[in-house]
Amino acid sequence: MARKGLLIDYEYCTGCHTCEVACKQEHHYPPGKWGIKINEVVLETFNKVEIDYLPFPTDLCDLCQHRTVNGELPSCVKHCQAACMAYGEISELAKQMEEKPKTVLFAPR
Ligand code: SF4
Ligand code: SF4
C-alpha cells in the first residue's frame, strides 16, 4: 500500500495553532502531549525581521488513521484555516512539493 504523509506549506502558515488544538482534541491528549507543534523561526538581518511558522508533527502523529480509514481528512488538515496542509500519498505530495517552495513533507514511521 502506498505510504501516506502530510505536506505543509509554511509560506502560508499563520501560526494560528488551530492544527495543534484540533489534533489534541481529536486524540484527547493530556496536558503536555501534542501530535503537532508550531515552531516559530525568526530570521533577523540588519534591516529586516522575517518570521516563519513551521508546524512539526511529533512521534504521536498517527496521520489520524481512524479518520482516514473512513474517508475523512486528518483533523489538522480539515481545520487548518489557511488551507496550507495536505494529506495524501507521499509520491503525489512530493510532486506538489516540486512546484511549491517553502513546503515540508512529513512521512511518519
Ligand atoms: S494527522 Fe492527525 S495525528 Fe497527525 S498531526 Fe494531524 S491531527 Fe494530529
Ligand atoms: S492550522 Fe494551518 S495556519 Fe494554523 S498553525 Fe496549523 S498549519 Fe499553520
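The values are calculated or read from the model by the stated rules, or taken from the named source; none is laboratory data. None of these values were measured; they are calculated from a predicted model. As a convention, Cβ positions derive from the backbone with ideal geometry for all residues, glycine included, and neighbour counts pool all protein chains shown.
Overview of results
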{"item": "Residue in segment 91-107 that is surrounded by 17 or more Cβ atoms within 10 Å (Cβ to Cβ) and assigned to a strand (DSSP E or B) present", "result": "yes"}
{"item": "Given (1) assigned to a strand (DSSP E or B); (2) at pLDDT 95 or above; (3) of a type outside the set (Phe, Trp, Tyr); (4) more than 22 Å from Arg109 (Cα to Cα), number of the condition Asp52 does not satisfy", "result": "(2)"}
{"item": "Tabulated pairs, segment 20-33, first in contact (Cβ under 8 Å) with a residue 12 or more places away in the chain, second part of a helix (DSSP H, G or I), C-beta under 7 angstrom, 6+ apart or interchain", "result": "Ala22/Ser75; Ala22/Cys76; Ala22/His79; Cys23/Ser75; Cys23/Cys76; Glu26/Ser75"}
{"item": "Conditions (1) more than 16 Å from ligand 2 (Cβ to nearest atom); (2) on the phi > 0 side of the Ramachandran plot; (3) in contact with a strand residue (DSSP E or B) (Cβ under 6 Å, 6 or more places away or on another chain); number of the one not met by Leu43", "result": "(2)"}
{"item": "Residue within segment 69-76 that is within 15 Å of the chain's Cα centre (by Cα), assigned to a loop (DSSP other than H, G, I, E, B) and not hydroxyl-bearing (Ser, Thr, Tyr) present", "result": "yes"}
{"item": "Leading residue by the ranking (surrounded by the most Cβ atoms within 10 Å (Cβ to Cβ)) among those in segment 1-24 that are part of a loop (DSSP other than H, G, I, E, B) and of a type in the set (Gly, Ala, Ser)", "result": "Gly15"}
{"item": "Any hit, segment 25-36, residues being of a type in the set (D, E, K, R) and under 14 Å from the mean Cα position of the chain (by Cα)", "result": "no"}
{"item": "Pair list, Cβ under 6 Å, 6 or more apart: segment 77-105 residue under 13 Å from Glu11 (Cα atoms), other residue among the β-branched types (Val, Ile, Thr) and more than 14 Å from ligand 1 (Cβ to nearest atom)", "result": "Ala82/Thr14; Met97/Thr103"}
{"item": "Qualifying residues in segment 57-87 (those that are surrounded by fewer than 13 Cβ atoms within 10 Å (Cβ to Cβ) and within 11 Å of ligand 2 (Cβ to nearest atom)) - the one nearest to Pro101 (Cα to Cα)", "result": "Ala83"}
